[in-house]
Structures are given as C-alpha cells and as structure tokens.
1. Which of the residues belonging to the range 469-484 are touching a residue at least 60 places away in the same chain (Cβ under 8 Å) and crowded, with 20+ Cβ neighbours inside 10 Å?
2. Looking at G183, G196, which is the one that is open to solvent by less than 10 Å² (accessible area, probe 1.4 Å) and away from the ligand (no atom under 16 Å from the Cβ)?
3. Pull up the range 453-476, narrow it to residues that are in a loop (DSSP other than H, G, I, E, B) and farther than 18 Å from T76 by Cβ, then point me to the one that is nearest to the ligand (Cβ to nearest atom).
4. Which members of the range 309-332 meet the condition of being touching a residue at least 24 places away in the same chain (Cβ under 8 Å) and in contact with a strand residue (DSSP E or B) (Cβ under 9 Å, 6 or more places away or on another chain)?
5. Of the residues A225, A207, only one is within 16 Å of the ligand (Cβ to nearest atom), in contact (Cβ under 8 Å) with a residue 24 or more places away in the chain and among the small types (G, A, S); which?
6. Strands (runs of 3 or more DSSP E) wholly in the range 1-105 with at least 1 residues that are over 19 Å from V192 (Cβ atoms) and within 28 Å of the chain's Cα centre (by Cα) - which ones?
7. List every residue pair whose Cβ atoms lie under 6 Å apart, where the two residues are 6 or more positions apart in sequence or sit on different chains, the first residue falls within the range 378-397 and is over 20 Å from L480 (Cα atoms) and open to solvent by 80 Å² or more (accessible area, probe 1.4 Å), and the second residue, located anywhere, is among the β-branched types (V, I, T) and assigned to a strand (DSSP E or B).
8. Name the one entry in A420, A360 that is open to solvent by less than 60 Å² (accessible area, probe 1.4 Å) and more than 27 Å from Y519 (Cβ to Cβ).
Amino acid sequence: MRGFAHRQRMQQMGLRREDVIGRPIIAIVNTWSDLSPCHAHLRERAEAVKRGVLLAGGMPFELPAMSLGEVMVKPTTMLYRNFLAMETEELLRSLPIDGAVLLGGCDKTTPGLLMGAISMGLPALFCPAGPMLNDRHRGKTVGAGTHTRVFWDELQAGLIDDAEWVRLESRMTRSPGTCNTMGTASTMTSVVEALGLSLPGASSIPAMDSAHPRMATTCGERIVAMVGEGLTPKKLLTRGSFMNAVVVQMALGGSTNAAVHIVALARRAGVELTLNDLDAVARRVPVLANLFPSGDRLMEDFYYAGGLPALMNRLHDELLLDELTVTGKPLREQLEGREVIDDDVIRPLDKPVSTLGALAVLYGNLAPSGAVIKPSAASAKLMRHKGRALVFDSQPQMLAAMADPDLDVDENSVLVLRNAGPVGAPGMPEWGNLPIPKKLLKQGVRDMLRLSDARMSGTHYGSCILHTSPESAVGGPLALLQTGDIVEVDVPARSLNMQVAADELARRRAVWTAPPSAYSRGWTQLYQRHVTQAHEGCDLDFLQGDAATPEPVIY
Ligand code: FES
C-alpha cells in the first residue's frame, strides 16, 4: 500500500513508474539559499550531482535544508548547527531515501550535515562547496577573513581611510565559495575528507573551477554504488579515521572550532575522542600548510600545490592508511602518487610553517575542563604571560570600552569576555578574538592575551584563549574572575590560572548567581537547556551517542 502511494505520487510529479522502481533513491541535501553567499553555486552543483546519480542508475531528489550562511545568521550559526543536524537526520529518516549526498561547506553546515547523517546511518557522501577564488588589492593577494581583520585594525588605527575600506569590501570575497583562508570552512571540509566521507581531493577544489562540478557528478555516481555496497558512515568512522582527521587539522593549522566539531562528530559515531587526543597530536604534528592565518597563502594556492591528498601523502607516517573511505578503498590507495607540487605552500616536514602547534589545550583553576589556544596563529612572546585581567560581562560592554580613549589598559593586560559560551551567549559566538583597544592600536599594539568562553573565527589570528570550560554562565570559574586579578598562562606547560586565593574564590562563589535566560520558549530555550559544554562538543545531550533509533512506524 505504502509503495503504491509512493509510486502514484512520483507519477503526479511527472516521473514514469519505471523511473523509481528498482532504483536507489538518492537525497541531495542542499544548504543553498539566497542568503548564503558561500553556497551561491550549490543549486547548479545539485544538478551536477543529479547527473551522476542518473548516470549510475539511481533517482535523485533534492531536499533543501537550513542554510547557515556564516556571516548572515544572527547571533551565530553555532546556535543552529545542531538544528541542521536534527533536520538532516529526520529528513533522511522520514522520507523514502536509500542514500544521501550532502551539499555544504560554510562553517557549521559541514558538521551539522554530517552529525545528522551519522546518526541516521544511511550511506552518505559529503560534497564540499569549495573555497572562493583569490583576489588582488594594490598588488597583493587578499582573501576572506584574515585580511578583513588586518584591514579593520588598520582602519581603526587610522592607517587606511574610509574610501580604501569601501574598495576593500568588494575585493576580499571574490567569488561564490567558502572562505579561502584556513578558516573553519576549509578546516572542516578537509577534516571530513580525512575521515573518509568525501571523495579524495574534493575539499581543495576551488568552487569556481570546472573540476568542481565534475567532482559533484562523481559524488552522484559514487553514492549509488555506496548504497549497493551498504557503505554507511558507521563502517567508515573509527577511532583511526578520527585520529587521521586530527592529524590533518594540525598539519593544516586548522581552526580552533574543529576542536568542538570533531568531538561532536566522534560522539555521534560512538567513538571515544577527547581534547587530550587533539593536544597530543598537536604536540607532534607541525603546521605544514602555509595558509592564512598561520601562513601567508590561500586555498587556491593549496589546490595548485597538490591539495589535501598531497599534504596527507607527505604525512603518511602519521596516518592510519588502512582506514576506508567513501571510495570503498583504503586511504593508502587514495594517496599513492599524490605528490606536493609547491614546497612553499605545502612545506616539507623539516621546514614547517610552525612547530608551535595548531592547538594547545590548557587546564587550571580557570578552566578545569579545558580551554584552547592556537599557538601557530598567536604571538610567541605571549605564550608565557602574566597580566592584570580586564573583565567584561557582555559583548556590548566590551565593545564600548574598546573605543574609550581613557580605558585603563596597557599591552600587558589580559582582556576577558565572559557569558559568551554555549549557554551564556547563547550559541558560543565567535567573539573570542576581542578587538585591541583603539588607544593601543594607535600605539602600534596588534596583539594581546585575550580570554573567553566564546569561540573565534578560524580565519582570525591572535593570542586568544577560547572555549573555556565549563563556561561562566553555568558557574565555571571564569564567572569568579574580577578586573585587577592576575591571570597567568603558560602554553608550553598547558596551564591557565588566576592568582586568587581559594578562600576568596569560595567567597565569590557563595554570592554568584547565574545570569537569567531571556528565552522562555522556542529553539533557543531548548538549546540552552540541553547544550553540552565546549569540551564535550556542544551537541544537544539527547542527540549524542550511537544508540539505534527505531524506524518510523508505517501503515
Ligand atoms: Fe562562509 Fe566563511 S563565511 S565559509
């Protein structure tokens, strides 16, 4: 009866009965929207995927999903990553689907789509949107994110004028595609490729290169075969594949945001992985990819240098090469012959971009469950630092103070922002790259130690300690810090402490009360009640784990 109803309704859409009988039904979950500039080309790419599905004997159906254009969504796309994950999982569960191609790439779309697909458990293949093209300004290559921050600081310091800023606005984001620095988008699409969930080399192809639609067609072709092989995410995701992904994150100088997303993905897959695993790899694997913000090149250069397979080939001693990928073959076979073409962009192991590491996990009386910093994009002189805290309870309060010419601050101060975590903000926005006070910018200061329970854009740089856990809004010790307290950080020793006596902390704890929530209904209220802390992946507690969900009952 159910099959009849499906066939009947397919014919209502103009399909023939034989078009759907005996063919794998493939969902193309598409995060395109008019307000997602990084995904502006994904409608066309969906057509390329459909071509591949049809050529392989399947029948494709495109399903729109929440788009999450990073810069457009307020207050932060992170508030909605888990929403997209739920939507993806339930789309694939509730509709008559055999396998899925996931179209995304802008920051949270990648983990969101994958978390949902992992939990659903159907064969799934991720088709990355690809990075945007490089641009030039005054003879120099410029890209998205990192340059935005550099030029914004120059504008605040009076080194460029408004007219030049307006010109720059149209130059830094040249084409559809994701940010072309090693920000969260390129980090996560590369991580997913290293996990084995994308075609080899897919994540490095620029969005506007003709190789990109060809890759999308191959995704369509391959998912049909994966359905026949029963190649589900569960068969690809092991502790080994996650450790490969972590190695890639570190060698790329990847975004600190990956520390949250990788843990969330692992928990969905039922794989044991903690921040300590990430820290251990970061101590061992140097940054080899010479890409902003750790280096000085962009993703288009990375593609010409051989892309991710070439980087991974160079790292093969660090990788578990027997892990399977969506090709059905082990990683070893995917990397054969993929040599680096440009040693300046993908550095040899003995000439890394940085040996400081792409991530360090700090613990102490300010972060009992951990905090992270990206040493490779920070100032070496601030990796051991002691300074007076200047504490802000909200982002508006902090932003107003930064513009104050009389602010009591110097370059040794530690700028602190709290109530910016998963529950407190809510959604843990990318506020952790606190701006340098305007008066210090004018004195030439470009970096200071900054501390928060927020995240930071992967495209940004600076000595920013992030993801402090537990966050202040749930009573983490950051809530007890006061302006004037001494904060001491020692990144090589992985420590983060405030020099405040235990009895004084107990006194402050006794009078502390949690900030009230402004949300009494809706998604945000559900999110605040169930989101986990940064070191646990910021998933919703009831979505974690790999317990089976019963198939919907049908009549
Ligand atoms: Fe979409 Fe950066 S804003 S990837």
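The values are calculated or read from the model by the stated rules, or taken from the named source; none is laboratory data. Note that the coordinates shown come from a computational prediction; the quantities given were computed from them, not determined experimentally. As a convention, Cβ positions derive from the backbone with ideal geometry for all residues, glycine included, and neighbour counts pool all protein chains shown. Side chains are part of the model used for accessible areas, which takes the heavy atoms of the whole protein and leaves out ligands, DNA and RNA. Shrake-Rupley method; radii C 1.70, N 1.55, O 1.52, S 1.80 Å.
1. Residues of the range 469-484 that are touching a residue at least 60 places away in the same chain (Cβ under 8 Å), as a first pass: 469-471, 476-479, 481-484.
Selection gives S469, P470, E471, G476, P477, L478, A479, L481.
2. Testing whether each residue is open to solvent by less than 10 Å² (accessible area, probe 1.4 Å) and away from the ligand (no atom under 16 Å from the Cβ) leaves just G196.
3. Kept after step one, since they are in a loop (DSSP other than H, G, I, E, B), are these residues of the range 453-476: 453-463, 470-471, 475-476.
Those still in the list that are farther than 18 Å from T76 by Cβ too: 461-463, 470, 475-476.
Working: Y461: 15, G462: 18, S463: 22, P470: 28, G475: 33, G476: 29 Å.
Looking at the filtered set, the residue picked out is Y461.
4. Step one: filter the range 309-332 for residues touching a residue at least 24 places away in the same chain (Cβ under 8 Å), giving 309-315, 318-320, 322-328, 331.
Listed by number, the residues that qualify are A310, L311, R314, D322, E323, L324, V326, L331.
5. Numbers: A225 fails: within 16 Å of the ligand (Cβ to nearest atom).
None of the others qualify; the one that does is A207.
6. Working: elements: 25-30, 59-64, 99-104.
Where strands (runs of 3 or more DSSP E) fall fully within the range 1-105 and carry at least 1 residues being over 19 Å from V192 (Cβ atoms) and within 28 Å of the chain's Cα centre (by Cα), they are 59-64.
7. none
8. A360
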